[in-house]
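Values in this text are rule-based calculations from the coordinates and carry no lab data. In this text, all values refer to a predicted model and were calculated from it rather than measured experimentally. Using ideal geometry, Cβ is built from the backbone for each residue, glycine included, and neighbour counts are taken over all protein chains shown.
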There are 2 protein chains.
Amino acid sequence: MHSDPKRLRELPPATALRLLGSVPIGRIVFTAHALPAIRPVNHVLVDGDVVLRCHAGAALLGAIGQVVAYEADDIDPETHAGWSVIVTGKADEVTGADEVAHYERLLRPHVDLTMEHVVRISPEIITGFELTDVTQDAKDLIA
Amino acid sequence: MHSDPKRLRELPPATALRLLGSVPIGRIVFTAHALPAIRPVNHVLVDGDVVLRCHAGAALLGAIGQVVAYEADDIDPETHAGWSVIVTGKADEVTGADEVAHYERLLRPHVDLTMEHVVRISPEIITGFELTDVTQDAKDLIA
């Protein structure tokens, strides 16, 4: 059985952002103790910004002020079809009470800890790609 | 309706590695052009090492020789229950023909491009956590 070949296709930034906003979980990538660090978190897309909530002890608080990457994807483990979107931009803490309250209403916490900090990433670079349907060939290769 | 509170629990390294090896896709985290970078890739766990295949033009080839992080997770977008495992270690290219052939048989390529490079990450730090069942409270909060 053969279907269309699988292909990697770059997505327009607007489409990429829309996809990122369509899922609740992603991964923030930053530097901690001079090492690459990554944490899965919940996000919400608000006016083109990626907004996260984190608790007081979270390692990713060290990312505030850094240029970070944020990735979300939806890739089928079987067929490998799906998409991945990466935004890169500075991570800032949101401190204005009204703004914090606004974002807190939109965000659902990932873990049951007091979520005391709201972090906002303003995308400067948006990269997205789509993996179209995988052929049966890939399965044959590992069969 | 209330179920058990959701909790973040650290996993023993051996359990964490086993979980990482149980899924085919993860994300390599490295530095590219002095910026944090992340790419979803296929992996296989061989003798405690994380092994990836990538094609000649892949951005992550720049990660070779770097200390990188590799993350895999399985988190339910609805309940947020699941796990995340992060290994940190040096990324090396596997060049021995026999070793390359061995790993190539185990790995299923992510995209339909010639996979010319095999990258191996030897974990020096293994971090894993588990998110146990989320209460209904979280849903109420955003309802």
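Summary table below
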read-out	value
Positive minus negative residues near A:ASP98 (Lys, Arg vs Asp, Glu; Cβ under 13 Å)	-1
Nonlocal amide H pairs with A:ILE25, under 5 Å, H built at 1.01 Å	A:HIS43
For A:VAL119, residues with placed amide H under 5 Å, excluding near neighbours	A:LEU52, A:ARG53, A:CYS54, A:VAL94
Chain A, rotation onto B, residue closest to that axis via Cβ, with its distance in Å	A:VAL29, 3
Average beta-carbon neighbours from other chains, 10 Å sphere, peptide A:69-75	4
GluC sites (Glu not before Pro) restricted to DSSP loop in segment B:1-101 with at most 13 other C-beta within 10 Å	B:GLU78
At R0 = 45 Å, FRET efficiency that the Cβ-Cβ distance of A:ALA81 and A:ARG105 yields, to 0.05	0.85
Kirkwood-type radius of segment A:8-142, with distances r between different C-alpha atoms, in Å	15.7 Å
